[in-house]
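Here the structure comes first, spelled out in C-alpha cells, and everything after it is commentary.
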Amino acid sequence: MTVLCLDVGSTWTKGALVSATGDLLGTAQRPTSPPEVLDGVAAVSAELGGADEVLACSSAGGGLRLAVVGQERLVSAEAGYRVALSAGARVVHVSAGLLDGAGLRALRAAKPDLVLLVGGTDGGDTSVLLHNADRIGRNRLACPIVLAGNVEARSRALDLLAGRTVVAADNVLPDVGELAPGPARSAIREVFLRHVIGGKGLSRGPRFRRLVRAVTPDAVLKGVSRLATQDSEGAVLVVDVGGATTDVYSAVSTVDTKERTVALPPDRRTVEGDLGMRWSAPGVVTEAVTEKLIDKAEAAVLATEADRRAADVRYLAEDPAVDLRLAALAAVLAVRRHLRLVDGQLGPQGAGRLVLSGGVFRHAPDLSEVDRTLREDPVLRPILKSAAISVDRSYVLAPAGLLADTGRTEAADRLLTNLG
C-alpha cells in the first residue's frame, strides 16, 4: 500500500509518495494551478505513479487568516493569539476589550477568514465576551466564528450570534495561567476544512475540500512534534523561509517555565508576515537594519535586490549568494522573535536540532554561510551552541505530520529519517 502526501501551496504543489511503513518512494512538485488546483494535484500524482490513498494539506489562497477578539490584551487576547499561531493560522488582527465602531472597522479591514472570539476565565466576567458577541452578531462579519471563551457565557453568546456560522469550543483560558489550546485548535481546523478552504475559489467542485485534512502549518507542527519525540538532547527548532512569510516551529517534551500570565504549550509556531524571500524581501532588509545585523553599505545593496524580488516574485538569480544572505537574515530575525514570544524557553539544553526548510535552503549547494550567520548571532548563540543543523531537502515534515494525524506514527517517524 502506498500513500501520496500532498501540500498544495499558493505557488507550488508538492507531493511525497510513501510506503505503508514510511519509506520515501519519491517526491515531485508542480506549480499550483488556480482556479483549478486539482490540475496541479493530478500532475504530481501522475509523475509519482498514483497511490492507494491520498492525504493533503493546503496553504493555498493565502492560508488561514485569523483575527482574535479577546477581553484583556495580556490575558485572554494573548491566549487566543498563541492558540491561533499553534493552529497554523496567520494572525492578521488582535483586539482586546469592548468592541466599538472603530474596532469593528479595523476587524473588517483585516479581512479575516475566521474570528476566534475569546474572553474571561470559566466562572469569571462575562460582560466583555457578550458585548463583543453582540456587536459581531449585529454587524454580520462575513466569516465564520470559533467561540472559545468563558463557558458560562456560551449559551447567551450563541444566541447573540444566531444566524452566523459558529463553532463552540472549550475555553482557551479556563483558569488564570492555564492555557488549554486543544479544543480551540480542533475547532479552528474544523472551520477551516468545512467553511474556509471551499470559499477561496481554488477548485470548481467539492473534491478538493474533501481531500484536504489540515492547513499546512498545522501538519508541519505535527511533524515537528514527532521529530521531538526522537530527539532526547534538547528541543527541535524548525525555520521555514518562504516567499511571503518565515515560519518558526519549536517542540519540546517538557519545559521548566518561570511564572507567567499565560503558560505555553510544548509545541509552538510563529509566523512572520514581513519576512520572506520575494513578496516580503524588503521587510528582511528593514528589520536587519533595525536590529543592527547589517551595516549601511550592505543594506543599500540588499535593499535594491530585495525590491527587485518583491517586484518580480518569479525572478531567479543565477548567483544564489544574495538569496542565501536574505534567507539567513530572515531566519535570524524570525527565530529571535520566536524566542521572545516563548521567553527563550526551549529547555535547559537549548535546541538539540535545527532544521532549515524552504526552497532557498533545499536547492542550495553550500549552506556554510547560513550556518555561520545563525551560530554567530549573539542572541541565538546560546540556543544553537550544540544544535545539529539539517535541511528538509525531501520536504518530509508536512507529510510526516499528515501520517501522524491518521495514527501512522511509526511510518511518520521512519519518514523523518530522510531529513538531511
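The values are calculated or read from the model by the stated rules, or taken from the named source; none is laboratory data. No experiment lies behind these values; they were computed from the predicted model shown. Neighbour counts are summed over all protein chains in view; Cβ atoms, including those assigned to glycine, are modelled from backbone coordinates with ideal geometry. Just the protein is used for accessible areas: all its heavy atoms, side chains included, with ligands, DNA and RNA removed. Shrake-Rupley method; radii C 1.70, N 1.55, O 1.52, S 1.80 Å.
Worth a mention:
- Single residue of the stretch 378-420 satisfying the filter (within 16 Å of THR27 (Cβ to Cβ), not acidic (Asp, Glu) and not in a helix (DSSP H, G or I)) that is most open to solvent (accessible area, probe 1.4 Å): ARG393
- Number of positions in the stretch 361-377 that are open to solvent by less than 20 Å² (accessible area, probe 1.4 Å), in a loop (DSSP other than H, G, I, E, B) and either closer than 18 Å to ASP319 by Cβ or modelled with pLDDT under 95 (or both): 1
- Selection status of ASN171, open to solvent by less than 10 Å² (accessible area, probe 1.4 Å) and in a helix (DSSP H, G or I): no
- Criterion violated by HIS93 - all others in (1) within 17 Å of the chain's Cα centre (by Cα); (2) at positive phi; (3) surrounded by fewer than 23 Cβ atoms within 10 Å (Cβ to Cβ); (4) not charged (D, E, K, R) satisfied: (2)
- Qualifying residue in the stretch 257-268 (condition: modelled with pLDDT of 80 or more and among the polar types (S, T, N, Q)): no
- Flag if ARG105 is of a type in the set (Lys, Arg), free of Cβ contacts under 8 Å to residues at least 60 places away in the same chain and farther than 23 Å from ASN171 by Cβ: yes
- Among the residues of the stretch 273-299, those that are modelled with pLDDT of 95 or more, small (Gly, Ala, Ser) and surrounded by 12 or more Cβ atoms within 10 Å (Cβ to Cβ) comprise ALA288, ALA299.
- Within the stretch 370-395, residues that are within 15 Å of LEU227 (Cβ to Cβ) have Cβ atoms under 9 Å from residues that are hydroxyl-bearing (Ser, Thr, Tyr) and open to solvent by less than 50 Å² (accessible area, probe 1.4 Å) in these pairs: VAL391/SER357; ASP392/SER357; TYR395/SER357, counting only partners at least 6 apart in sequence or on another chain.
- Enumeration of residues in the stretch 1-42 that are open to solvent by 60 Å² or more (accessible area, probe 1.4 Å) and of a type outside the set (A, V, I, L, M): SER10, TRP12, THR21, THR27, GLN29, ARG30, PRO31, PRO34, PRO35, ASP39
- All positions within the stretch 128-142 that are surrounded by fewer than 22 Cβ atoms within 10 Å (Cβ to Cβ) and either at pLDDT 95 or above or in contact with a helix residue (DSSP H, G or I) (Cβ under 9 Å, 6 or more places away or on another chain) (or both): LEU130, HIS131, ASP134, ARG135, GLY137, ARG138, ASN139, LEU141, ALA142
- LEU104 vs. criteria open to solvent by 10 Å² or more (accessible area, probe 1.4 Å) and either over 21 Å from ALA187 (Cβ atoms) or among the hydroxyl-bearing types (Ser, Thr, Tyr) (or both): no
- Being at pLDDT below 85, assigned to a loop (DSSP other than H, G, I, E, B) and of a type in the set (Gly, Ala, Ser) is a property that SER203 lacks.
- Some residue of the stretch 194-205 being buried (at least 22 other Cβ atoms within 10 Å of the Cβ) and basic (Lys, Arg): no
- Against the test of being closer than 18 Å to GLY276 by Cα, among the aliphatic types (A, V, I, L, M), open to solvent by 30 Å² or more (accessible area, probe 1.4 Å) and free of Cβ contacts under 8 Å to residues at least 60 places away in the same chain, the options VAL332, VAL313, VAL322 yield a single qualifying residue, VAL322.
- Restricting ARG73, ARG65 to residues that are open to solvent by 40 Å² or more (accessible area, probe 1.4 Å), under 20 Å from VAL176 (Cα atoms) and without any contact (Cβ under 8 Å) to a residue 60 or more places away in the chain narrows the list to ARG73.
- Selection within the stretch 203-235 - acidic (Asp, Glu) and under 17 Å from TYR395 (Cα atoms): ASP218
- Some residue of the stretch 215-227 being assigned to a loop (DSSP other than H, G, I, E, B), open to solvent by less than 50 Å² (accessible area, probe 1.4 Å) and not acidic (Asp, Glu): no
- Taking the numbered list (1) in a helix (DSSP H, G or I); (2) more than 19 Å from the chain's Cα centre (by Cα); (3) of a type outside the set (D, E, K, R) in turn, ALA331 passes all entries but (2).
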